[in-house]
1. Can you compute the helix-only [θ] at 222 nm over the chain? Use -39500 (n - 2.57) per DSSP H run of at least 4 residues, normalise by all residues, nearest 500 deg cm²/dmol.
2. Can you list the lysines whose alpha carbon sits under 18 Å from that of K120, skipping same-chain ones fewer than 8 residues off?
3. Modelled label-to-label distance, Y90 and N193, 7 Å Cα→beta-carbon offset: nm?
4. Using θ = phi - 60° and the Karplus form 6.51 cos²θ - 1.76 cosθ + 1.60, what ³J(HN,Hα) does each residue of region 13-26 get, whole Hz, x for Gly and Pro?
5. Here are some values of mean projected area of the Cα convex hull in nm²: [x] 12.5; [y] 11.6; [z] 15.8. Which one was computed from this structure?
6. For region 126-141, in order, what is each residue's ³J(HN,Hα) by Karplus, 6.51 cos²θ - 1.76 cosθ + 1.60 with θ = phi - 60°, in whole Hz (x at glycine and Pro)?
7. Taking the alpha-carbon centroid of each part, what is the distance from region 151-218 to region 86-118 in angstrom?
8. Which length gain, in nm to one decimal place, applies between A100 and K207 when the Cα-Cα distance is subtracted from 0.36 nm times their residue separation?
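Throughout, read-outs are computed from the coordinates displayed, never taken from laboratory work. Everything quoted here is computed from the prediction, not taken from an experiment. No Cβ is skipped: glycine too gets one built from the backbone with ideal geometry, and neighbour counts run over all protein chains shown.
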Amino acid sequence: MNSLSTLAFVLLNFGCLVVLAGFCFRTELIMRLLLALGSLIFLLGYLDASTELDLIGTSWAALFTLVNLAFFVKLSFAKSTFKFLPREKYLHNVFKGMEADDFKKLLAITTWHEAPDHIKLTVENEVCPDLFYILTGKVEVSKDESMFTLNPNTFIGEVGYFLRSGASATTIVEKGAMYVSWNTRELRELEENTPGVRATIYGMLNKDMAMKVAASLR
């Protein structure tokens, strides 16, 4: 290799800096993009610096570029939401902060419902195998001798889910209500393996329970 031209010097060093910057990002999508871009810039600089084609060097640089670019494309599709149905997009908006790839794992264990009549979801002190989230329609709640109504966009069965115990109240969803459910065993397994799902759901459950305590005291 002869003395470097100015262009080769700039490309080689800038490519290395881009690769180095990629390793500074915890977000894998950004990291892969920068690694691919940095490898490509380095490859161009390497080609410009070489008087003869160096198959070993150019092959390795090209391989680094292609591998990281392939991972970037794969991650981009995993995090995309363009294939979501309208109801899935709505639910994804409910779970704010959850990455699309984590949400797709949650969707895989989600069951969708439309209440054909007034449906009893939980019975006070009885263990319920599911956790519910109400999308539309109201829910009548009875606990001890008190009764109150919950508006949609709320969890049902969250206390039993948290404590692994019987339901804290009896709940009845009105006819025509739209809601989703998750089997508690499957959801706990998903949480254990997917920290993003766990963090989002627990944050929402804590907020939901606080609002219900306030509603029950009115």
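1. -17500 deg cm²/dmol
2. K138, K143, K175
3. Here the answer is 2.9 nm between the modelled labels.
4. Values, residue by residue: 6, 5, x, 5, 5, 5, 4, 4, 4, x, 6, 7, 9, 7 Hz.
5. Of the listed options [x] 12.5; [y] 11.6; [z] 15.8, [z] comes from this structure.
6. Here the 3J(HN,Hα) series is 9, 6, 10, x, 10, 10, 10, 9, 8, 8, 9, x, 9, 10, 8, 10 Hz.
7. What the calculation gives is 13 Å, centre to centre.
8. Numbers: separation 107, 0.36 × 107 = 38.52 nm, distance 2.18 nm.
My answer for the length gained is 36.3 nm.
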